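*Asks:* I have a structure I would like to understand better, so I am pasting it below and will then ask my questions one at a time.
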Amino acid sequence: MKHVIRRGEDAVARTKLIFVRHAESAGPFEPENDRRRGLTERGQASVSRAREILRDVTVDAVVSSPYQRAVLTVQGLADERGLSVTCFEELRERRLHGPEYPLAGEHFLGAIQRSFKDKHLALPGGESFEGAQQRALPVIKQLLREHHGQTVVIGTHGNIMAMLLNAFDEQYDYAFWRSTTMPDLYEAAFEGEQLVEVRRLWS
C-alpha cells in the first residue's frame, strides 16, 4: 500500500520533488571516507528497480547530495533521460558525531532519536538537527522556485530527507526515519512552498 498524506484540493501547478534515499552503501562507516562510499552489489541491483518504478515519470531535473552513494543511486535515471546530475554540497548527509565521539548500535539510534526532540543538540564533532536542516532547506526552496510546476528527483540520505520533510510537517519524525529503507522513494507535492501531499513510491 502506498503511504499517502494529503491536504486540501488538487491544484494545477504542483511542483513535485521525488526524494530518492540512496541504496545500500558499501564499506564500514568512517567519517573521513563517508562521502566516497559506493554501493554494494545488492544496492546496485535495487537501483535498477528504483529506475523501473520511475520509468514513466516525466523528470525535469536531477539533483543530489555530493556523496557517491547518493549520486550513484540517481545517475542511471538521469542518464536515461539525457539529464545531468547537479550536486549541492548543502544536501550532504548530516554528520551526527565526530571520530572522537564514536557511537554504534542503540547508542547511535538513541542519539538520533534525541535530536528529533532537541533540535539544537549537537554531539562533539557533529551537526545539530537544526543546523543540518537549515543549511539544506534553502536548496529545496530554490528548487521549488526554479522548477515551479515541474518534477525534480533528489538523490538523498535518510536522515537529511526526514529533516527536510520535517521542516514542512513535523509528523516526519524519528519513527518515520526508522521506517525508511535503502533505497526508498517519496514523492512530495508542493503548492508554492506548502507541502500538500506525500506518496511513498517504493514498495
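The values are calculated or read from the model by the stated rules, or taken from the named source; none is laboratory data. All figures in this text were calculated on a predicted structure; none of them were measured in a lab. Cβ placement follows ideal geometry from the backbone for every residue including glycine, while neighbour counts extend to all protein chains displayed.
*Asks:* Looking at this structure, is G126 surrounded by 14 or more Cβ atoms within 10 Å (Cβ to Cβ), out of contact with any strand residue (DSSP E or B) (no Cβ under 6 Å at 6 or more places or on another chain) and over 26 Å from L17 (Cα atoms)?
*Replies:* yes
*Asks:* Return a yes/no flag: does the range 120-129 have any residue that is without any contact (Cβ under 8 Å) to a residue 24 or more places away in the chain, touching a His at 6+ places or on another chain (Cβ under 7 Å) and in a loop (DSSP other than H, G, I, E, B).
*Replies:* Scanning the range 120-129, I find at least one residue that is without any contact (Cβ under 8 Å) to a residue 24 or more places away in the chain, touching a His at 6+ places or on another chain (Cβ under 7 Å) and in a loop (DSSP other than H, G, I, E, B), so the answer is yes.
*Asks:* Hey, another quick one. Test G76 against the stated conditions and say whether it is assigned to a loop (DSSP other than H, G, I, E, B), under 21 Å from H22 (Cβ atoms), among the small types (G, A, S) and free of Cβ contacts under 8 Å to residues at least 60 places away in the same chain.
*Replies:* No.
*Asks:* Which condition number does V85 fail, the rest of (1) of a type in the set (A, V, I, L, M); (2) over 23 Å from K16 (Cβ atoms); (3) touching a helix residue (DSSP H, G or I) at 6+ places or on another chain (Cβ under 6 Å) being met?
*Replies:* Only one criterion in (1) of a type in the set (A, V, I, L, M); (2) over 23 Å from K16 (Cβ atoms); (3) touching a helix residue (DSSP H, G or I) at 6+ places or on another chain (Cβ under 6 Å) is unmet by V85, namely (2).
*Asks:* Now for a separate question. Which condition does G192 not pass, out of (1) free of Cβ contacts under 8 Å to residues at least 12 places away in the same chain; (2) on the phi > 0 side of the Ramachandran plot, if it passes all the others?
*Replies:* Going through (1) free of Cβ contacts under 8 Å to residues at least 12 places away in the same chain; (2) on the phi > 0 side of the Ramachandran plot one by one, G192 breaks only (1).
*Asks:* Might you check whether a residue that is assigned to a loop (DSSP other than H, G, I, E, B) and touching a Pro at 6+ places or on another chain (Cβ under 8 Å) occurs anywhere in the range 157-164?
*Replies:* no
*Asks:* Which one of the conditions (1) surrounded by fewer than 17 Cβ atoms within 10 Å (Cβ to Cβ); (2) of a type in the set (D, E); (3) within 28 Å of N33 (Cα to Cα); (4) without any contact (Cβ under 8 Å) to a residue 40 or more places away in the chain does D173 fail to meet, given that it meets all the rest?
*Replies:* The number of the failed condition is (4).
*Asks:* Next up: Scan the range 21-59 residue by residue and report those that are part of a loop (DSSP other than H, G, I, E, B), closer than 21 Å to R200 by Cβ and charged (D, E, K, R).
*Replies:* E24, R55, D56
*Asks:* Which condition does M182 not pass, out of (1) part of a loop (DSSP other than H, G, I, E, B); (2) without any contact (Cβ under 8 Å) to a residue 60 or more places away in the chain; (3) aliphatic (A, V, I, L, M), if it passes all the others?
*Replies:* Exception for M182: condition (2).
*Asks:* Quick check on my filter: what residues within the range 140-179 are over 10 Å from the mean Cα position of the chain (by Cα) and of a type in the set (S, T, Y)?
*Replies:* Across the range 140-179, the qualifying residues are T151, Y172, Y174, S179.
*Asks:* While we're here: I need a count of the residues in the range 138-150 that are of a type outside the set (D, E), assigned to a helix (DSSP H, G or I) and surrounded by fewer than 16 Cβ atoms within 10 Å (Cβ to Cβ).
*Replies:* Looking only at that region, the number is 4.
*Asks:* I need the full set of residues from the range 33-59 which are among the β-branched types (V, I, T) and in contact with a Gly (Cβ under 7 Å, 6 or more places away or on another chain), in order please.
*Replies:* Once the filter is applied, which keeps residues that are among the β-branched types (V, I, T) and in contact with a Gly (Cβ under 7 Å, 6 or more places away or on another chain), the range 33-59 yields only V47.
*Asks:* Another one. Search the range 69-111 for residues being over 14 Å from the mean Cα position of the chain (by Cα), at pLDDT 95 or above and not aliphatic (A, V, I, L, M), and hand back the single one that is farthest from R178 (Cα to Cα).
*Replies:* G82
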